[in-house]
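This report refers to the structure that appears directly beneath it.
The values are calculated or read from the model by the stated rules, or taken from the named source; none is laboratory data. Note that this is a predicted model, so its numbers are computed, not measured. Methodologically, a virtual Cβ is constructed for each residue, glycine included, from the backbone with ideal geometry; neighbour enumeration extends over all protein chains shown.
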Amino acid sequence: MMIQNIAPAVYSNAYPYGRAPQGEDFLLIFNEKGFLSSRLTGETPFQTFAALGDKAPEAFPLISIDDRVLYMARGEEPPTGFEMHHFGELMHALPKPWSFAAVTAGHLAGWYWDNRFCGRCGHPTEPGKTERSLVCPHCGNTIYPKISPVVIVCVTDGDRVLLTRYAGRDYTHYALVAGFCEIGECPEDTVRREVMEETGLRVKDLRYWGSQPWGLSSSMLLGFFARLDGSPEITVDRSELSYAGWFTRDELDLKDDGISLTRSMIVAFLNGES
Ligand SMILES: [Zn+2]
């Protein structure tokens, strides 16, 4: 199970341009640093329009969970009873489906903010009327949401799995080899390149395993399993990783965290499902 698995709730990214907020819809106040109005306790994590009444600011629809649309407005002041939290923090602090809603809304809100002006001519952009886009009324440039493909690679060698730790980050849990696809590069080539760059290893028998939208980095994660091809001797790229090493199943005691593709892939390996 991952953050996007929110059943029985249903996520919709249908583009509700021009839809007026209903009483049970949510208002999320966003600032430019990716903080949004929310609360970590209470019946709902976001403010309803019904509770706001005529104090509701003008707001723009983002996504919906079941039949409730999440609207965004710009600002620094949360409604009474709410606080400003970074959307990455909410990923771990809120129960499903709201954690997924917060991360997805944060991804979109960041994209809207970063594309207020046309990169071609500098004119202010406007929301597209028929599809999720930003359109420049001056030169006609159309901008679509940024979703960058990333590969996550679980390299195995018989009963062993290759785990890594990132350099220079607070995040100290074990991870898998990962990296962004470059322009003109197939994900399979990204897998081979990233494994070689980060650890000096060669891989074969690539198998696509699953995917995950990861709004925190505006990316789409593509999970692959791959088998070691040749020498198991690791050469760690210290600029990217602080550590990389082989672990047998007996040495690891990890459970699915219900959030990440990385964790679900490691657990799949431990369970012999891969
Ligand atoms: Zn333009």
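The single residue among Ser148, Ser64, Ser99 that is loosely packed, with under 13 Cβ neighbours inside 10 Å, more than 16 Å from the ligand (Cβ to nearest atom) and polar (S, T, N, Q) turns out to be Ser148.
Checking each residue in the range 164-213 for being under 23 Å from Phe87 (Cα atoms) and modelled with pLDDT of 95 or more picks out Ala178, Gly179, Phe180, Ser211, Gln212, Pro213. At least 2 residues being in contact with a Pro (Cβ under 8 Å, 6 or more places away or on another chain) is the threshold, and among the strands (runs of 3 or more DSSP E) wholly inside the range 12-110 those reaching it are 26-30, 35-38, 60-65, 68-74. Just one of the numbered conditions (1) over 28 Å from Asp114 (Cα atoms); (2) part of a strand (DSSP E or B) is not true of Phe269: (2).
Here is a yes/no grid of residues against (1) in contact with a helix residue (DSSP H, G or I) (Cβ under 9 Å, 6 or more places away or on another chain); (2) within 16 Å of the ligand (Cβ to nearest atom):
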residue: Thr104; (1), (2): yes, no
residue: Trp111; (1), (2): no, no
residue: Asn115; (1), (2): no, yes
residue: Cys118; (1), (2): no, yes
residue: Glu126; (1), (2): no, yes
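Criterion applied to Asp67, Asp54 was being within 21 Å of Asn13 (Cα to Cα) and modelled with pLDDT under 95, and the one residue passing it is Asp67. The residue list Gly230, Gly210, Gly258, Gly272 contains one member that is in contact with a Leu (Cβ under 7 Å, 6 or more places away or on another chain) and small (Gly, Ala, Ser), which is Gly210. Restricting attention to the range 128-143, the residues that are closer than 22 Å to Gly110 by Cβ and near the ligand (Cβ under 7 Å from one of its atoms) add up to 2.
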